[in-house]
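For reference, the structure is listed below as structure tokens.
The values are calculated or read from the model by the stated rules, or taken from the named source; none is laboratory data. Note that the coordinates shown come from a computational prediction; the quantities given were computed from them, not determined experimentally. No Cβ is skipped: glycine too gets one built from the backbone with ideal geometry, and neighbour counts run over all protein chains shown. Calculation scope for accessible area: heavy atoms of the full protein, side chains included, ligands and nucleic acids excluded. Shrake-Rupley method; radii C 1.70, N 1.55, O 1.52, S 1.80 Å.
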Amino acid sequence: MKPVVVFPPLHCQFIFFFLFLHKDMKKSTEADIAMSKAAVKISGDLLSNPLCEQDQAFLDSMMALDTAMKRMDAFNQEKVNQIQKTVIDPLKKYSSVFPSLNMAVKRREQALQDYKRLQAKVEKYEEKEKTGPIMVKLHQAREELRPVREDFEAKNKQLLEEMPKFYNSRIDYFQPSFEALIRAQVVYFTEMHKIFSELTDQIDQGGLTDEEREQQNETKLNELRALSIVADD
């Protein structure tokens, strides 16, 4: 009797999904931190510019910008900490069971190979002429096969019962983390809207549109190009 193998696939796609998701979430938070730190550095550099000593209006604008960037950085750090606790850490814990899962599958596969090898040995003796020595070897082969078959069937049954439960748990496990990620983003971007709206009110005295600002900058640049100390391209 050959081994009956009824076993679901390992669902490598969902395992890889969680592994890559954990890795990408870490990259995302690291990029967020780098972005806000760079913004703080830019505002600090602008604030220390000598122009601030010469123009009070420019100084006031840079102080407002620096304050806004520091507030943004603080809220961003809170967001990252929240994502770390509610998304990244749970994903890491969930991913930590994959090595054990893979090891259980490998043990089951090894038991299957042993089962097939000994089953083939039994079948070989069954096909031979039933002489005394052959019957003795057949009996020995069957006795050797029995515990190996029982071991395989036990391992196979365990995975058949537990693998679907593990696979079906993925949505229920990740759902709270997904909701926490959305809430963290909503809180962060709500605060960013407030911060930059206040900053706009402080420094946007002209009330110009983006197109008007672009035209104004181009006009100033043309005036600079017209200076005799500026070489033509």
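Taking all protein chains as present, what is the carbon and sulfur share of the accessible area of the range 132-233, in % to the nearest whole number, probe 1.4 Å?
Solvent-exposed carbon and sulfur of the range 132-233 make up 53 percent of the total.
Give me the log10 of I(q) over I(0) for the range 28-95 at q = 0.15, 0.29 Å⁻¹, as the Debye formula computes it from C-alpha points; what are the numbers?
Results for the range 28-95 at q = 0.15, 0.29 Å⁻¹ read -0.57, -1.13.
Over the Cα atoms, compute the radius of gyration (one decimal) and Dmax (the largest Cα-Cα distance, rounded to a whole number) for the chain, in Å.
Here Rg and the maximum Cα pair distance are 34.4, 115 Å.
Which value does Rg/Rh take for the range 2-131 over its C-alpha atoms, Rh per Kirkwood? Can you show the working numbers first?
Values: Rg = 30.7 Å, Rh = 20.5 Å.
Ratio of gyration radius to Kirkwood radius for the range 2-131: 1.50.
How far, in nm, would the chain grow between LYS37 and LEU19 when pulled straight, counting 0.36 nm per residue and subtracting the alpha carbon separation?
3.7 nm
Which of the DSSP-defined H helices in the chain satisfy a minimum axial length of 24 Å, computed from C-alpha atoms, and a minimum mean Kyte-Doolittle hydropathy of 0.0? Please report the intermediate quantities before stating the final value.
Working: long enough: 12-47 (52 Å, 0.46); 56-83 (40 Å, -0.31); 98-127 (43 Å, -1.19); 132-203 (103 Å, -0.52).
TM-like helix candidates: 12-47.
List the residues of the range 155-172 whose backbone N lies under 17 Å from a point placed 7 Å from the Cα of ASP114 along the Cα-to-Cβ direction.
155-159
Student exercise: in the range 94-233, how many lysine pairs 8 or more apart or on different chains have Cα atoms under 23 Å apart?
18
Rolling a 1.4 Å sphere over the protein heavy atoms, what is the accessible area per residue of the chain, to the nearest Å²?
Values: 15900 Å² over 233 residues.
Per-residue accessible area for the chain comes out at 68 Å².
In debye, nearest 20, what is the charge dipole magnitude of the range 136-210 about its Cα centre with +1 on Lys and Arg Cβ and -1 on Asp and Glu Cβ, if you could check?
Roughly 800 debye for the range 136-210.
Can you give the accessible area of LEU21 in Å² (nearest 10), computed on protein heavy atoms with a 1.4 Å probe?
Ignoring ligands and nucleic acids, LEU21 comes out at about 40 Å².
Where a Cα-Cα gap under 19 Å defines reach, which lysines qualify for LYS23, not counting those fewer than 8 residues away within the same chain?
Answer for LYS23, where 19 Å is the Cα cut-off: LYS79, LYS85, LYS92, LYS93, listed by chain and number.
Can you compute the modelled spin-label distance between ASN168 and ALA74, with each label point 7 Å from Cα toward Cβ, in nm?
According to this spin-label approximation, the distance is 4.9 nm.
Using Cα springs under 10 Å in a Gaussian network model of the chain, which residue among ALA64, ALA141, ALA74 shows the largest mean-square fluctuation?
Maximum fluctuation in the GNM of the chain, among the listed residues, is at ALA141.
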